[in-house]
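Dropping the structure in here first, questions after.
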Amino acid sequence: MNTTCDIFAHRGSSIDHPENTMAAFQAAFEIGADGIEFDVQLTKDLVPVVIHDETLDRTTTGSGVVSDYAVEQLKTLSAGTWFDPRYENETIPTLEEVLVWASDKQIKLNIELKGKVNQRELLVQKVISTIQVNQLERSVILSSFDHVCIKKAKEMAPEIDTAVIVTAALYEPLAYLRSLDVEGYHYMSPLILREEAGALIDAGVHIRPYTVNEQAILRRYMEWGCAGIFTDAPQLALNIRDEG
């Protein structure tokens, strides 16, 4: 059992709070999660905000594409009512708000970069600038399904850890990761075999499966020696890890 495996609350403590809100992040911190994972994309006025979907419809009281709205307009929407009326006052956080909140806490931040491919460079610039202003370079992992975006991030800020996210098994993943100069490999469970995971770990790669909520599978990945696990159920994962 790897008792140093970091437990990342996926979109915050999203099993019992509205995802990607300050309430979900605070709850994850209070139960002792090692980190939080959240998604960032740009508004119409190019402010990085925290929301998963390209559109507002599923998780807010708004409708339409996120990038069609200025941050001031987005801030008028509730990002919690859809989950429970108690969270009516939760709004879409800006990246700045999350980083300010995290600045006095021992918590890791996995920022997943999302958005339009023609805004890759702009998104990376805005996100990295916000991280640097808040002096959180050592607390952050930048990840994305867009590996071109991650390569640009590593070139722009080599001091920040980066990771690729994959939805299919890669052929010769170590060579590919080395070509991008990234530290992390975030794979959809259960895409890799134990021996493949072991080879990557031995090579110094930080492997982190997502999104794992089942007790037996959480335990399995801890036993493998994964650097971290993304889960909607951080309390369950913490309990398993602490039991050893």
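The values are calculated or read from the model by the stated rules, or taken from the named source; none is laboratory data. As the structure is a prediction and not an experimental result, all values here were calculated from the model. Every residue, glycine among them, receives a Cβ derived from its backbone with ideal geometry; neighbour counts consider all protein chains shown. The accessibility values were calculated without ligands, DNA or RNA, using every heavy atom of the protein model including side chains. Shrake-Rupley method; radii C 1.70, N 1.55, O 1.52, S 1.80 Å.
Look through the stretch 81-110, keep the residues that are in contact with a Pro (Cβ under 9 Å, 6 or more places away or on another chain) and of a type in the set (Val, Ile, Thr), and return whichever of them is nearest to residue 29 (Cα to Cα). Spell out the reasoning first.
The first filter runs over the stretch 81-110 and keeps only residues in contact with a Pro (Cβ under 9 Å, 6 or more places away or on another chain), leaving 81-84, 87, 90, 94-96, 101.
Next cut, of a type in the set (Val, Ile, Thr) only: 81, 94.
Numbers: 81: 22, 94: 18 Å.
Restricting to residues being in contact with a Pro (Cβ under 9 Å, 6 or more places away or on another chain) and of a type in the set (Val, Ile, Thr), the top hit is 94.
If you don't mind, there's one more thing I want to ask. Return the pair list, or none, for Cβ contacts closer than 8 Å from residues in the stretch 105-134 that are farther than 18 Å from residue 66 by Cα and among the hydrophobic types (A, V, I, L, M, F, W, C) to residues that are open to solvent by 20 Å² or more (accessible area, probe 1.4 Å) and not in a helix (DSSP H, G or I), at least 6 apart or on different chains.
107/34
What do you reckon, is residue 115 open to solvent by 30 Å² or more (accessible area, probe 1.4 Å), closer than 23 Å to residue 9 by Cβ and either of a type in the set (Phe, Trp, Tyr) or in a loop (DSSP other than H, G, I, E, B) (or both)?
Against the criterion (open to solvent by 30 Å² or more (accessible area, probe 1.4 Å), closer than 23 Å to residue 9 by Cβ and either of a type in the set (Phe, Trp, Tyr) or in a loop (DSSP other than H, G, I, E, B) (or both)), residue 115 qualifies.
A further question on this structure: In the stretch 150-168, how many residues are more than 22 Å from residue 136 (Cβ to Cβ) and open to solvent by less than 10 Å² (accessible area, probe 1.4 Å)? If you could, list the steps in order and put the result at the bottom.
Quick first cut of the stretch 150-168, residues more than 22 Å from residue 136 (Cβ to Cβ) only: 166-168.
Within this subset, residues satisfying the condition of being open to solvent by less than 10 Å² (accessible area, probe 1.4 Å) are 166.
Of the residues in that region, 1 qualify.
Table: residues versus (1) touching a strand residue (DSSP E or B) at 6+ places or on another chain (Cβ under 7 Å); (2) open to solvent by less than 20 Å² (accessible area, probe 1.4 Å); (3) at pLDDT 95 or above; (4) closer than 30 Å to residue 103 by Cβ.
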position	(1), (2), (3), (4)
138	no, no, yes, yes
147	yes, no, yes, yes
178	no, no, yes, no
199	no, no, yes, no
216	no, no, yes, no
235	no, no, yes, yes
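Here's a follow-up. For the stretch 5-26, which positions are among the hydrophobic types (A, V, I, L, M, F, W, C) and under 9 Å from residue 234 (Cβ atoms)? Quick ask: steps written out before the conclusion?
Applying the first criterion (among the hydrophobic types (A, V, I, L, M, F, W, C)) to the stretch 5-26 yields 5, 7-9, 15, 22-25.
Once the filter is applied, which keeps residues that are among the hydrophobic types (A, V, I, L, M, F, W, C) and under 9 Å from residue 234 (Cβ atoms), the stretch 5-26 yields 7, 8, 9, 15.
Can you find a residue that is closer than 20 Å to residue 165 by Cβ and assigned to a loop (DSSP other than H, G, I, E, B) anywhere in the stretch 96-112? Lay out the reasoning, then the answer.
From the stretch 96-112, those closer than 20 Å to residue 165 by Cβ are 98, 108-112; that's our starting set.
Next, from what is left, pick out any that are assigned to a loop (DSSP other than H, G, I, E, B): none.
For the stretch 96-112, residues closer than 20 Å to residue 165 by Cβ and assigned to a loop (DSSP other than H, G, I, E, B): absent.
Which of (1) surrounded by fewer than 21 Cβ atoms within 10 Å (Cβ to Cβ); (2) in contact (Cβ under 8 Å) with a residue 40 or more places away in the chain; (3) of a type in the set (Phe, Trp, Tyr) is the odd one out, the single condition residue 171 does not satisfy?
(2)
Which pairs do you get when a residue that is under 21 Å from residue 14 (Cα atoms), found in the stretch 65-80, comes within reach of a residue that is part of a helix (DSSP H, G or I) and of a type in the set (Ser, Thr, Tyr), reach meaning Cβ atoms under 7 angstrom, with the pair 6+ apart or on two chains?
80/87
Identify all residues within the stretch 22-54 that are closer than 24 Å to residue 145 by Cα and free of Cβ contacts under 8 Å to residues at least 24 places away in the same chain; write none if there are none.
Across the stretch 22-54, the qualifying residues are 24, 53.
For the subset of the stretch 20-65 comprising residues that are among the charged types (D, E, K, R) and under 14 Å from the mean Cα position of the chain (by Cα), which member is farthest from residue 98 (Cα to Cα)? Walk me through it before giving the result.
Keep residues of the stretch 20-65 that are among the charged types (D, E, K, R), which gives 30, 34, 37, 39, 44-45, 53-54, 57-58.
Imposing the further condition that a residue be under 14 Å from the mean Cα position of the chain (by Cα) reduces the set to 34, 37, 39, 53.
On the way: 34: 15, 37: 11, 39: 11, 53: 18 Å.
Going through the qualifying residues, I end up with 53.
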